[in-house]
1. Could you list all residues from segment 5-22 that are surrounded by fewer than 14 Cβ atoms within 10 Å (Cβ to Cβ) and touching a residue at least 24 places away in the same chain (Cβ under 8 Å)?
2. Can you name every residue in segment 27-41 that is in contact with a helix residue (DSSP H, G or I) (Cβ under 9 Å, 6 or more places away or on another chain) and touching a residue at least 12 places away in the same chain (Cβ under 8 Å)?
3. Take segment 38-60 and flag every residue that is assigned to a loop (DSSP other than H, G, I, E, B) and at pLDDT below 90.
4. Out of segment 23-43, which residues are farther than 12 Å from residue 1 by Cα and crowded, with 17+ Cβ neighbours inside 10 Å?
């Protein structure tokens, strides 16, 4: 989600990272789901992108659907089964 929004606004990782007060490496890792960012960090990134973070309560079924995605919102890689 962050990467797509950044690209839509024609920002480089360097531009967004600087505006949000982050290193480029940190932003790269967040965009690629290599680690989860703190809420405050996400708020800074989203603010630069003109977005906001909204927290809502969801049902147990919806929770399991969301858990199939990595922190950047992309589908998680499923391990290959040994056949």
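The values are calculated or read from the model by the stated rules, or taken from the named source; none is laboratory data. Only a predicted model underlies this, so the values are computations on that prediction, with no experimental measurement involved. In this analysis, Cβ positions are derived from the backbone assuming ideal geometry, glycine residues included, and neighbour counts consider all displayed protein chains.
1. Residues of segment 5-22 that are surrounded by fewer than 14 Cβ atoms within 10 Å (Cβ to Cβ), as a first pass: 7-10, 12, 14, 21.
Residue satisfying the conditions is 9 alone.
2. 27, 28, 30, 31, 32, 35, 36, 37, 41 - these are the residues of segment 27-41 that are in contact with a helix residue (DSSP H, G or I) (Cβ under 9 Å, 6 or more places away or on another chain) and touching a residue at least 12 places away in the same chain (Cβ under 8 Å).
3. As a first pass, look at segment 38-60 and keep what is assigned to a loop (DSSP other than H, G, I, E, B): 38, 49-59.
Selection gives 52, 53, 54, 55, 56, 57, 58, 59.
4. Looking only at segment 23-43, we keep the residues that are farther than 12 Å from residue 1 by Cα, and these are 23-29, 34-41, 43.
Listed by number, the residues that qualify are 26, 27, 29, 37.
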